[in-house]
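Okay, structure first, notes after.
The values are calculated or read from the model by the stated rules, or taken from the named source; none is laboratory data. Computed from a predicted structure; not experimentally measured. Cβ coordinates were reconstructed from backbone atoms using ideal geometry, including for glycine residues, and neighbour counts include every protein chain displayed.
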Amino acid sequence: MPLFSKKSKKNLIDTDYRLVNIAYKAIEIIDFSVIEGYRSETKQNKLFKEGFTKAQFPLSPHNKKPSRAIDLLPYPFQGWENKEQFFLLAGVIKAIAHEQNIGIRWGGEFKSFFDGPHFELLITEV
C-alpha cells in the first residue's frame, strides 16, 4: 500500500480537514504526491506572473487558511502530456468525496485550461 512521504505530509499542513481526509483515504488506493495545499501571497503571485495560475492572491482557494484547495501529482509521474494518469487519480478522489458527501471541483474539468493536479472544495464557509 502506498504511503505519503514526509514532504507530502508537510504539504497537507494548513489544508482543510476534508481534503486531508480524502487524501488519506485515496493513498490507500492509488499512489500520488501532495504538491501543495496552502499557498502564500508571494508564491501565488509568482505562479500568476509565470502563467501557472489564473488567480492572483488572495483569490485562489489555495490562499485561505486552512486551504480549500490541494494539488496532487500521480506517482510515478509520467509527464504533463499524459492526461490519463490525472483522470485516474481524479476518479478516485471524486469517488471518495462523493462517498463522504463533500463537494469538490477538479481542475481537469476547467473550461479555460487543464489543471490536472488541482482539487478544490465547493464551499463558501470555513
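Scan the stretch 27-46 residue by residue and report those that are among the β-branched types (Val, Ile, Thr), surrounded by 19 or more Cβ atoms within 10 Å (Cβ to Cβ) and in a loop (DSSP other than H, G, I, E, B).
ILE27
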Output the residues belonging to the stretch 92-106 that are within 17 Å of ARG68 (Cα to Cα) and in contact (Cβ under 8 Å) with a residue 24 or more places away in the chain.
-> ILE93, ILE96, ALA97, GLN100, ILE102, ILE104
Scan SER67, SER60 and give me the residue that is hydroxyl-bearing (Ser, Thr, Tyr) and either surrounded by fewer than 12 Cβ atoms within 10 Å (Cβ to Cβ) or touching a Gly at 6+ places or on another chain (Cβ under 6 Å) (or both).
-> SER67
So, first residue of a type in the set (Ser, Thr, Tyr) in the stretch 55-67, second residue modelled with pLDDT under 95, Cβ within less than 9 Å, six or more apart or across chains; the pairs are SER60/THR53; SER60/LYS54
Give me the pairs: first residue in the stretch 31-54 and under 16 Å from THR15 (Cα atoms) and of a type outside the set (Val, Ile, Thr), second residue at pLDDT 95 or above and assigned to a strand (DSSP E or B), beta-carbon distance under 6 Å, and six or more apart or on different chains, which are they?
-> SER33/LEU73; GLU36/ASP71; GLY37/THR15; GLY37/SER67; GLY37/ILE70; TYR38/SER67
Looking across the stretch 59-86 at residues that are touching a strand residue (DSSP E or B) at 6+ places or on another chain (Cβ under 6 Å) and assigned to a loop (DSSP other than H, G, I, E, B), the single one that is farthest from ALA97 (Cα to Cα) is TYR75
